[in-house]
Amino acid sequence: MIYRGHSVESEDSVENSKNMNSYRYILEPYKGIATRHTCPACEQKKCFSRYIDTENTISFPNHVGRCDREEKCGYHFTPKQYFEENPDKRERISDYQPTISRNYTPVKEKEPSYIDPNLVASSLGHYHQNKLFQYLSSQLGEDESLQLMAKYKVGSAKHWEGATVFWQMDIAGRVRTGKVMLYDSETGKRVKYPYNHITWVHSLLKQAGYNLKQCFFGEHLLASQSNLPVAIVESEKTALISSFYMPQFQWIATGGKHGCFNDENLQILKGRKVILFPDLGAWDEWVLKADKMKILNIEVEVFDFLEKRATPEQRKEGYDIADFLLETKQPTAILQDMIKLNPALKILMEEFGLVLDNSSKNKVNPRKKTGFRL
């Protein structure tokens, strides 16, 4: 899922008028509580406005819209992003020629805003109070979990006691934002009751005019590990766990099933071998994402290991690849299926000497005290 605060003003949606109808694609006007829906990001009810086509030609999926909780959530998935991911939809309306006002000047897209790196550095500690770290340590070991936190630049926050910060650091090493989430230390599940515990650092900082453009979680690792094939999952936690069990691949996360699949974000994947790992229930949507990536000349496959092997109970629970790895501890079986899917991976692994090796390296001091106080 992608959280980009773009306006709907674009050359293909502007008409010659100064009222609501000056845009072809608008947020659904309020006509009672039935016109407000559950946000796909923060899962808050009755706070999500969907986009509609005023010409009634395009029916947008339910995730195309904006959350009214701008400070606490900030989710905004625009028609522009939808068309970037689904160019065939745009082709169907290519005959549409809007009349643009002579006074209309296209708005130049702003550069993304960034988080102070000192704030990021100050969050990289307090791990023994971090609920996600406690869970990972129980499953993978403390030293191994510390290595993962350091590698992916995962921090701690006090917005909620024991909360985790997943910093989104782009390939140039600049931090776009941080997603703050709270986990249960026993189950490793997100805390959703009595409300969904998720917020954003840029919202907590209340910086005026902050221009959010998300990137993949773990994207910064692509700069130094150019030889590894890239494995893409939805959840940040899944990327961490999968990286432990299968370090032959560089694992990054979209942050949601609709996240980071626009043309701009995908440019960094050109020239890399890419494998998508959809959660159970998201297969069809991620196949469409792969088709889009192939149009952009990205070498990509969709891994069907879970689709082929999942039990009814696992399907009901919406397993992802990390759930399977934690339950079965069988990374080799998954790896063999990946090579069957793309035999070239075996050659690549042999060439670079990529083998299963979870040995502990570069230990970090878990008791390091820092000053992060979001």
Show log10 I(q)/I(0) for the range 188-227 at q = 0.14, 0.34 Å⁻¹, two decimals, from a solvent-free Debye sum over equal Cα scatterers.
-0.60, -1.09
Once the piece of chain linking Gln267 and Ala172 is laid out straight, how much longer is it, given 0.36 nm per residue of separation minus the C-alpha distance between them?
32.9 nm
For the range 120-255 the mean separation of alpha carbon contacts under 8 Å (6+ apart) over residue count, i.e. relative contact order in percent, is 20 percent
Extended-chain gain in nm, criterion 0.36 nm per residue less alpha-carbon gap, Ser224 and Thr328:
34.4 nm
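Can you pull the semi-axes for the range 194-303, root of five times each eigenvalue of the Cα gyration tensor, sorted largest first, whole Å? Let's see the in-between values first.
Numbers: eigenvalues 114, 54, 50 Å².
After diagonalising the Cα gyration tensor, the semi-axes are 24, 17, 16 Å.
Could you give the C-alpha radius of gyration of the range 106-218 expressed as a fraction of 2.2 N^0.38 Å, taking N as the number of residues it contains? Before the final figure, lay out each step's value.
On the way: Rg = 14.9 Å, N = 113, 2.2 N^0.38 = 13.3 Å.
Dividing the Cα Rg of the range 106-218 by 2.2 N^0.38 Å gives 1.12.
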How far is it, in nm, from the label point at Ser113 to the one at Ser138 when both lie 7 Å from their Cα along the line to the Cβ?
3.7 nm
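Per residue, how much accessible area does the range 257-305 show when a 1.4 Å probe rolls over the protein heavy atoms, in square angstrom? Working shown, then result.
Values: 1920 Å² over 49 residues.
Computed with neighbouring chains in place, this is 39 Å² per residue.
Which GluC sites (Glu not before Pro) does the range 160-253 hold that lie in a coil by DSSP with at most 15 other beta carbons within 10 Å?
Numbers: sites: Glu161, Glu186, Glu219, Glu234, Glu236; in loops: Glu161, Glu186, Glu234.
Answer by residue number: Glu161, Glu186.
The values are calculated or read from the model by the stated rules, or taken from the named source; none is laboratory data. Owing to the predicted nature of the structure, the values given are computational and were not obtained by experimental measurement. With ideal geometry, Cβ positions are generated from the backbone for all residues, glycine too; neighbour counts draw on all protein chains shown. The accessibility values were calculated without ligands, DNA or RNA, using every heavy atom of the protein model including side chains. Shrake-Rupley method; radii C 1.70, N 1.55, O 1.52, S 1.80 Å.
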